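Engineer: This structure is in structure tokens; I'll ask about it shortly.
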Amino acid sequence: MYSLFCGSGIQGVMQSIGDIQKCIGSCSKVLQIIHMPKSEMNEYWSMDSINFLKSKNYGIRFENVSYSYDTSSTAESDNNTTDDNNDNRTGGNSNSGSNIHSGSNIHSGAKSADTQSNNNERHYALKNVSFYLPHNKSVAIVGKSGSGKTTILNLLSKKNMITLGKIYIGEYSIDKINSSVLLSVLGVVTQNPFLFNCSIKSNLTYPYKAYEELLKEQIYLIEKKKMAQLCGGGSSSSGSSGGSGSSGSNNSIHSDIQKSTEDINEILTFLNKEIDDTKKKLNNATEKLKDLYKDFHIDDFLINYSNYDNVNVGANGNFLSGGQKQRVYIAQNLYKDNKILILDEPTSSLDKISEKIVNETLIKYMKGKTTILFTHRLDVLHSVDYIGVLNDGVVIQFDTSSNVLNNPCSILKQILSQNAYEKIN
């Protein structure tokens, strides 16, 4: 009896310890969410972002882009150097502070040397990467595992921020484009497909529905900003006093408000038009869906279900086979007319027959889009406009596909020979 009481007591203590650990884990997650940095996803779209969406040029240009996953110390060093430079400019205004000024220059030089030393010691996933992919052209980026292909994808989607250099899409630096705007024109297919727990039709039309909701949210945010500006402008006007200086200041304020109001009205007009266009595309979805079902051979397994494309795919597509899930996932990203496609080994989980079908379909849908394809498949290399070769974060070859295949570098030769070996076996 005594042993029974002791055993049950120990079991209760162990269960309590488990519950406490769960609470600690949950609290840690909540704190992470609370302390997350401010996101661009919930900010109103700037005029640059709207002009970017209106533009007809979605060429991609990398200019001396470097990226290190150890970015915290870089930012800290850069901030310290900036603060020192600001101190120098402040100290230079005082004659009596000449000694301090020269001393801060020495201090600034030491900080700059430290920053340079940190940059030299840091491991870069990408190093001075530069290339240009023209609008509506395609490039295959090839390289061994760990060469930096995924890093390029993360930088283009602003999942990671650039350490050094610039990335441009068309005429716009991605720093000037809101993250939600950028993602609205990107179709990203990764090696790990994800589907929602709903019908196949709902999964394919989801990108348009999400875009419509995003537009509606922007209208709400901008209307809110518009009201705030009108109220701010009114209080500034009513609180003004006489005098030529005050009058000039008020004129400047009203001019800024008027320009901002004009921009807001232009943005609202664009957003409302986009919502109308999106609704039309959703209402006329049937024909486009049929084409996708046929092109990706999704129709082959849908005909087995009485409710056709209204069949539920399960949580993360668990009711589908791996090949079926991948095809639906790719079709989802191609259903919306994205201006830029980023394909990361899209056929990695498909058998040879399915891979051939999907590759032929991808080549068809890549036309009229700026496309970056991360692959090492020889069949696809002949179908793109350009080929880039990455090795240890450095672009060692980038040219038209014919030039690269006629004169491949050593890394590409290894990849091509491996392809040939796999094909034989």
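Engineer: Determine whether ILE169 is over 15 Å from ASN391 (Cβ atoms), touching a Ser or Thr at 6+ places or on another chain (Cβ under 9 Å) and at pLDDT 95 or above.
Structural biologist: yes
Engineer: Of the conditions (1) of a type in the set (Ser, Thr, Tyr); (2) at pLDDT 90 or above; (3) within 21 Å of ASP392 (Cα to Cα); (4) buried (at least 17 other Cβ atoms within 10 Å of the Cβ), SER130 satisfies every one except a single condition; which number is it?
Structural biologist: (4)
Engineer: Go over the candidates THR361, THR278, THR370, THR347 one by one and state the one that is over 28 Å from ILE152 (Cα atoms), touching a residue at least 24 places away in the same chain (Cβ under 8 Å) and surrounded by 13 or more Cβ atoms within 10 Å (Cβ to Cβ).
Structural biologist: Criteria check complete, one pass: THR278.
Engineer: So which residues in segment 306-329 are part of a helix (DSSP H, G or I) and closer than 14 Å to LEU289 by Cβ, if there are any at all?
Structural biologist: TYR308, ASP309, ASN310, ARG327, VAL328
Engineer: For segment 353-393, how many residues are out of contact with any His (no Cβ under 9 Å at 6 or more places or on another chain) and in a helix (DSSP H, G or I)?
Structural biologist: 14
Engineer: Taking only pairs six or more apart or across chains, which ones have beta-carbon atoms under 8 Å, a first residue in segment 40-69 that is farther than 22 Å from LEU341 by Cα and at pLDDT 90 or above, and a second residue that is surrounded by fewer than 16 Cβ atoms within 10 Å (Cβ to Cβ) and small (Gly, Ala, Ser)?
Structural biologist: So the pair list comes out as ASN64/SER130.
Engineer: If a residue must be free of Cβ contacts under 8 Å to residues at least 60 places away in the same chain and either assigned to a loop (DSSP other than H, G, I, E, B) or of a type in the set (Lys, Arg) (or both), how many such residues does segment 159-192 contain?
Structural biologist: Qualifying residue count, segment 159-192: 2.
Engineer: Within the bounds of segment 180-187, is there any residue that is over 19 Å from the mean Cα position of the chain (by Cα) and small (Gly, Ala, Ser)?
Structural biologist: no
Engineer: Right, SER145: loosely packed, with under 15 Cβ neighbours inside 10 Å, out of contact with any helix residue (DSSP H, G or I) (no Cβ under 9 Å at 6 or more places or on another chain) and in contact (Cβ under 8 Å) with a residue 60 or more places away in the chain or not?
Structural biologist: no
Engineer: Is it true that some residue in segment 18-30 is under 30 Å from THR370 (Cα atoms) and modelled with pLDDT of 75 or more?
Structural biologist: No, that holds for no residue.
Engineer: Check LYS159, LYS137 and return the single one that is surrounded by fewer than 20 Cβ atoms within 10 Å (Cβ to Cβ) and farther than 29 Å from PRO408 by Cβ.
Structural biologist: After applying the criteria, what remains is LYS159.
Engineer: Could you check how many residues of segment 373-391 are under 12 Å from SER138 (Cα atoms) and surrounded by fewer than 18 Cβ atoms within 10 Å (Cβ to Cβ)?
Structural biologist: Summing the residues that are under 12 Å from SER138 (Cα atoms) and surrounded by fewer than 18 Cβ atoms within 10 Å (Cβ to Cβ) in segment 373-391 gives 3.
Engineer: Count, please, the residues in segment 256-275 that happen to be surrounded by 15 or more Cβ atoms within 10 Å (Cβ to Cβ), modelled with pLDDT of 80 or more and not hydrophobic (A, V, I, L, M, F, W, C).
Structural biologist: So the answer is 1.
The values are calculated or read from the model by the stated rules, or taken from the named source; none is laboratory data. Quantities reported herein were computed from a predicted structural model and do not represent experimental measurements. A quick note on method: Cβ atoms are made from the backbone with ideal geometry, for glycine too, and the neighbour counts reach across all protein chains shown.
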